[in-house]
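A short write-up of the structure that comes next.
The values are calculated or read from the model by the stated rules, or taken from the named source; none is laboratory data. Because the structure is predicted, anything quoted here is derived from the model rather than measured. Glycine also receives a Cβ, built like all others from the backbone with ideal geometry; neighbour counts cover every protein chain displayed. When the accessible area is computed, the model is the full protein with side chains, heavy atoms only, and any ligands, DNA or RNA have been set aside. Shrake-Rupley method; radii C 1.70, N 1.55, O 1.52, S 1.80 Å.
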Amino acid sequence: MLFCKKAVAALLLTIAFAGDVFAEIKLGTLICDYMVLQRDMKVPVWGKAAPGEKITVEFGGQKVETVTGKDGRFLAELAPMPASCENRDMTISGAKERLTVKNVLVGEVWLGGGQSNMEIQLKTCVRRFPEAERDMSYKNCANDLLRIAKVYPPDWSETPCDDFPVKWAAITPDIAWNMSATAYYFATELQKELKIPVGLIQSCRSGTCIEAWTSLEGFSMEPRLKKTYAKAKARQANPPALPAGANRKDNQYFQLPTVLYNRMIHPLAPYALKGVIWYHGCNNLSNGAKYFQRLEALYAGWKKAFRNPELRFYLAQLAPFNYFDPNGTALPVFWETQERFSRAHAPFTGHAVLIDVGELDDIHPKDKRPVAKRLAALALNRDYGRKDITCDSPVFRKAVNDGNKLILEFDAVKEFKAVGAAEKWFVIAAASGVFYKATGVEFKGNKIILTSKFVKKPTQVRYGWLNAVTGNIYNEGGLPLGAFRYEPAE
């Protein structure tokens, strides 16, 4: 009898210790109730469990099995699925545990990133522009097919983190009230036109530079930023301790290369995304043309992280503002850089021109409806087949001198129209490089013909080449001509 008691005790002890082998299944960030899965794309489902444990993922008639690695990580991929407005459950099963993720939809998934102009909440927009509430039927905006996952509050890390406490939620007036106005209007525009579920992931933080949002791998793929890469790599290998008495919430710590990516983007990957809307730039304005390299690094790193070489990336240009740089032209140089990037990777990248919607005394223009509508137009036209929606602003192609005339030719326009004086923001110059206001402007199809009584043989032109400008020339689709310059070398 004593032997039996000892045997039973030993068996119970063995079972108790064996239980430790089967670790709790921990699902990746964003794999939770009310999530929206990206349609027509392989869908990763990932997480952690015990090393060597068999994991089974079931959803929508699919059953996928995988085994965790030595580090306990697993990743299973569901085959591409069509959109579905039906709330369905996903199950993830291990050796001893079965988790259920409820109310899952399939549709389109986008990420809204950037700094304060992306972060500004809908309530700020509505308070400044009460008509925005009427236009978007804000108080009646409850919509189970429109869902958001908000990465909040903002945080940073010297090294990549695997998790962030994020929850998906269907849109209600209270949730919309406190989310990004740009993201809300963008998502509602897509959902209204596509009539399928739309998921929006919001991850942004005011007053931050692009380097903080860039992955170490992104920096490694941009040779012109090799010094930044080397420093960031050294910091990750040996993270410095905060000085005594330092507050980790101080803004300075949010500016270091990779730290926001590590904490606010890395945990989201490799969630299947259609694309990104990016509203950023104030903190990098002084980079001018070198912002191009930084965009290249960020985009390359994010494509790799989300396993999507065709990741859409649509950026909003900064709006005009009275920046106090010596020449008053830092902003148009920045616009030029943003446009150069968006054209370099088209059709997967694009930009929304905002030269006409600024508040010259406010770096954060509060009406985000035109911003979101123009970003949505890019997605609807390029990605969802809505060729009836104009998505591109006119783009300068070439200039030809014809005596006292300078004839400009543009793409993405059939007919120009002006609101107010067409010549207001044009200046032209002869070979001397001394610019004078244009005194004559003629629209002819996709051409603009300029003259000035002060310039006999014009060869150079600038349009909107100031920080404090209000663009007023549009194409037939109502999209504004952006700032540009043509100054050929001798």
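Helix-only estimate, please: 222 nm mean residue ellipticity of the chain, summing -39500 (n - 2.57) across DSSP H runs of length 4 or more and dividing by its residues, to the nearest 500.
So the calculated ellipticity at 222 nm is -7000 deg cm²/dmol.
Pick out, from ALA300, GLY440, VAL395, the residue whose Cα sits farthest towards the positive end of the charge dipole of the chain, with +1 on the Cβ of Lys and Arg and -1 on the Cβ of Asp and Glu.
In the chain, that residue is ALA300.
Hey, any idea what % of segment 75-217's accessible area is carbon plus sulfur with a 1.4 Å probe? The partial results should precede the final answer.
Details: 2690 of 5450 Å².
Solvent-exposed carbon and sulfur of segment 75-217 make up 49 percent of the total.
Roughly how many nanometres apart are two label points built 7 Å out from the Cα toward the Cβ at ALA289 and ASN103?
Spacing of the two 7 Å Cα→Cβ label points: 5.3 nm.
If you average the alpha carbon positions of segment 188-231 and of segment 431-460, how far apart do those two centres end up, in angstrom?
40
Would you kindly give the portion of the calculated P(r) for segment 375-423 that falls above 12 Å, as a percent of all Cα pairs?
Above the 12 Å cut-off, segment 375-423 has 72 percent of its Cα pairs.
Cα atoms only, segment 81-206: Rg and Dmax in Å?
16.2, 56
Once the convex hull of the C-alpha atoms of segment 386-455 is built, how many Å³ does it hold per residue, rounded to a whole number? Walk me through the numbers before you get to the answer.
Values: hull volume 6.6 nm³, N = 70.
Convex hull of Cα atoms, per residue: 95 Å³.
Could you give the alpha-carbon Rg of segment 335-490 over 2.2 N^0.38 Å, rounded to two decimals?
Segment 335-490 yields a ratio of 1.07.
Using all C-alpha to C-alpha distances in the chain, build P(r) with 20 Å bins and read off the rounded percent in each one.
The distribution over the chain is 21, 49, 23, 6, 1, 0, given as percents.
Fully extended, how many nm does the chain gain between LYS227 and ALA241 (0.36 nm per residue separation, minus their Cα-Cα distance)? It would help to have the intermediate numbers written out before the result.
Working: separation 14, 0.36 × 14 = 5.04 nm, distance 2.19 nm.
This chain segment gains 2.9 nm when fully extended.
For THR439, put the label point 7 Å out on the Cα→Cβ axis and report which residues of segment 448-490 keep their amide N under 11 Å from it.
451-456, by backbone N distance to the label point.
Which of the lysines could be linked to LYS226 by a straight reach, that is with a Cα gap under 25 Å, when you skip same-chain ones fewer than 8 residues away?
In chain and number order, the partners are LYS290, LYS303, LYS304.
Return the Rg/Rh value of segment 185-230, two decimal places, where both radii are evaluated on C-alpha atoms and Rh is the Kirkwood radius.
Here Rg/Rh amounts to 1.24.
Could you tell me how many cubic angstrom of Cα convex hull volume segment 312-373 has per residue?
Given the Cα convex hull of segment 312-373, per-residue volume reads 76 Å³.
Within segment 376-435, which trypsin sites (Lys or Arg not before Pro) sit in a loop by DSSP and count at most 16 neighbouring Cβ atoms inside 10 Å? Write out the running numbers ahead of the final one.
Details: sites: ARG382, ARG386, LYS387, ARG397, LYS398, LYS405, LYS414, LYS417, LYS424; in loops: ARG386, LYS387, LYS414, LYS424.
Passing sites in segment 376-435 are ARG386, LYS387, LYS414.
What is the spin-label model distance, in nm, from ASP402 to HIS364 if the labels are put 7 Å beyond Cα along the C-beta direction?
Simple spin-label model gives 4.9 nm for this pair.
Over segment 228-369, what per residue volume does the convex hull of the Cα atoms give, in whole Å³?
156
I need the Kirkwood Rh of segment 335-427: take the reciprocal of the average 1/r across all distinct C-alpha pairs and report it in angstrom. Before the final figure, lay out each step's value.
Working: mean 1/r = 0.0644 Å⁻¹.
15.5 Å is the Kirkwood radius here.
Based on Cβ point charges of +1 for Lys and Arg and -1 for Asp and Glu, what charge dipole magnitude is obtained for the chain about its Cα centre, in debye rounded to the nearest 20?
In total the dipole reaches around 480 debye.
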